[in-house]
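Heads up, the thing below is written out as structure tokens.
The values are calculated or read from the model by the stated rules, or taken from the named source; none is laboratory data. Computed from a prediction, not measured in an experiment: that's the story for all the values here. Using ideal geometry, Cβ is built from the backbone for each residue, glycine included, and neighbour counts are taken over all protein chains shown. SASA here: full protein model, heavy atoms, side chains in, ligands and nucleic acids out. Shrake-Rupley method; radii C 1.70, N 1.55, O 1.52, S 1.80 Å.
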Amino acid sequence: MDFNQGGFSNRAKRYRWPFAAIICFALALWSSLPQTDYLTRLSGDFLTPLASRWQFGFDTPSGYALVVIDEITHNTPPFSETPEVAWTPFLGEVISAIDKTEPKVIGLDMIFPKSIAGRTLAPGYDRTFLQALAQSGRTGRLVLAEARLSETPIRPYEGQVLAVGGAGNIRPVHLTPDADNVVRRHPFSFALEDGSRVLSFAAELAARAAWDGKAPDENILIDYVTPAIRFPTYRFSDVYACIESGETEALDVFRDKIVIIGTALDIEDRHVAGNRFVAEKDPPIFTLPCQGAVQTPMRSVSRASTAGVFIEARAVRTFLSDMGPETLNRYTVFFSSLLGLGVLALVFFKLNPASGAGVYIVYAAALWANGAWMLSREVLAPVLPWLVSAFALYVAIYAYRVFLEDQAKRWVTHAFRHYLSPSLVDRLAEEPASLKLGGERRRVAILFTDLAGFTTTSEELKNEPEAIVAYLNQYFEILAETIEAHQGYVDKFIGDAVMGVWGAPVALENPEQHAFEAAIACLKAVDVYNAQEDVDMPINLRIGISAGEVVAGNLGSKGRFNYTVIGDAVNRAARLEPENKRHGTRILFDESIASHLSENAKARFLDETVLRGQSVATKLYTAGEES
């Protein structure tokens, strides 16, 4: 039989490339579909930590300044003594002072839908705040926020709307998370009740700060790669302390900047964002050099979420600088996927599953590193869709190989496991193509055994062939188990003779020692068997062993062949076995065996004789305990 021709497995191999082409095309097409856009955005979460380390070309100095109300502000007088709804006078003073530094724009990312400045509570309490809104609103440098979470928006109360100059200076601030509740995108506009659209809070700030005044016209993927330190942040209480101490020159840090005022508390208005795997999500807080400013270490606090004001700041920067990550067009994704999957298919068909898994891991690492580099250059690659496609290809190809192509291996294992040693079956299963005529040179050890007196026993039992078969099977089982236990294999059963081989088809270190130990073990095994009380026909064993270079391989005709060994060592072992009868021994071996035995092996020289069919004298040895 020729396992390279015919059969179901060979047909499967002929169709492997059409199969691979169909799978690769389908997976590449899937990778480029809109349904995988979420996975592409999710890729950015895993790429951002490395990409942020590789980003270069930051604008210097930063064009942004954030003023945040944090936990320290809440614990600092006069804020610690005042409910937050009554902070509007403080906000008015801060907005007015910052506006005097002539920033590009000020965004108030806080909403006060109610006021205590009513007729019955504290009339005129918000005067400072409203005057600041009016002053900044007239210059077009102030944008207030409103929330549109339902049909009824949450807006600043009516007095603030009038003071700031009407709805033209109020824009919706609303983050739109993906299905996994992670904020990765930002809309450039929102629909109003009348069907018209207005820019979002971040887009409006970017439009007013832009040199050409051009408004953004498309949604964005927020830039989370730019390090947080590029957004200088100051504590609200420190800004207020500078104002109270008259050290307003310290507020020049806001000159010509985009200023956003908001909260950065531990719980309120925090969101899981696309930078969730970055260690420093929130920027460090700089201390202003003013009397009364709270001196704290300039460091970021690692949290699982990001304050909304910092996400808005990143969105403004993305709108304004056009540095948000761009996704690849679908044609590029398709053809790049097809190329990568095609290369992987070639590799997977060449390697075993474990090696293929190793290649997949290397491929995944390379994609991750390359994706991070691309993201640092403002391109978001669909790394996760690519990885999912590659994994699906791995499963498909190895399933195809196991269930279709590798049927030849399973056939060999099933057909030969009862006839050959496990080591030979394993090799043939891995290389079915080796089942063809031919051989290779190997140094091996050969063992021949024969039953003493078997001819007489056969004559006595000529009418009981079943008994002879049972006797031989018992003898063969003992020897086969012992030979295989010593890393050899039974080459063939010849009548009442057994031929064992060490060193082929699997190479073996010191096959001579293994053959010698197996011979001793065979004699002990039959002695144990013969000692049993119910044994009617004892096994009388004679063994001959030799070693040397042989040709090992498949020998026979094209239609029928056997794996065996041919050479002078085989002939010598076969000739040594009958010499036991003349010397009264059970085991004989020659110099090729004796010279390779360990010091513990008991070998005894007996004689030197010319074996039948040989022209050169051979030294005969036996085991030390044999007589």
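A protection proxy built from the mean count of other Cβ atoms within 10 Å ranks the segments 256-267, 613-624, most packed first, as 256-267, 613-624. Here the accessible area is traced with a 1.4 Å probe on the protein chains. For the chain, carbon and sulfur cover 56 percent of it.
In this structure, the amide hydrogen of residue 452, modeled 1.01 Å from its nitrogen in the peptide plane, lies closer than 5 angstrom to those of 540, 541, 542, counting only residues at least 5 positions away or on a different chain. Reported value for the chain: 281 Å³ per residue, from the convex hull of its C-alpha atoms.
Binning the C-alpha pair distances of region 455-566 at 10 Å intervals from 0 yields a P(r) profile of 12, 39, 30, 16, 2 %, listed from the shortest bin outward.
Normalised per residue, the accessible area of the chain is 48 Å², obtained with a 1.4 Å probe and no contribution from ligands, DNA or RNA. For the chain, the longest principal axis of the alpha carbon atoms and the long axis of helix 88-100 meet at an angle near 90°. Three semi-axes describe the equivalent ellipsoid of region 31-146; taken as square roots of 5 times the Cα gyration tensor eigenvalues and ordered largest first, they are 39, 19, 17 Å.
For region 232-296, the convex hull drawn through the C-alpha positions has a volume of 108 cubic angstrom per residue. For the set 13/350; 462/581; 492/602, the pairs lying more than 19 angstrom apart at their alpha carbons are 462/581; 492/602.
Amide H to amide H distances under 5 Å link residue 586 with 627, where only residues 5 or more positions off or on other chains count and H is placed in the peptide plane.
List the relative contact order of region 479-599 as a percent without decimals, with contacts defined as Cα pairs under 8 Å and 6+ residues apart. Once normalised by length, the contact order is 23 percent. Note on residue 76: accessible area is roughly 30 Å² with a 1.4 Å probe, heavy atoms of protein only. Averaging Cα coordinates gives a centre for region 142-199 and one for region 85-111; these two points are 19 Å apart. Here the Karplus curve 6.51 cos²θ - 1.76 cosθ + 1.60, taken at θ = phi - 60°, turns the phi angles of region 586-600 into couplings of 10, 9, 9, 8, 10, 4, 4, 8, 4, 6, 10, 7, 6, 5, 7 Hz, with x standing for Gly and Pro. In terms of its C-alpha gyration tensor, region 574-627 has an oblate overall shape, because the principal axis ratio a/c (a ≥ b ≥ c, square roots of the eigenvalues) is not below 1.5 and a/b does not outweigh b/c. Think of it this way: in the chain, 24, 522 stand alone, with no other Cys Cβ under 4.7 Å. Exposed loop sites were defined as GluC sites (Glu not before Pro) in DSSP loop states (anything but H, G, I, E or B) carrying at most 15 other C-beta atoms within 10 Å; in the chain the longest segment without such a site runs 269-508. Pair-distance distribution of region 98-207: all C-alpha pairs, bin width 5 Å, starting at 0; shares per bin in whole percent are 2, 11, 20, 22, 18, 13, 8, 4, 1, 0. In this simple spin-label model, placing a label point 7 Å from the Cα along the Cα-to-Cβ direction at both residue 321 and residue 154 gives a separation of 3.1 nm.
So if each residue of separation counts as 0.36 nm, and I subtract the Cα-Cα distance between residue 557 and residue 583, what length gain in nm does that give?
Result: 5.4 nm gained on full extension.
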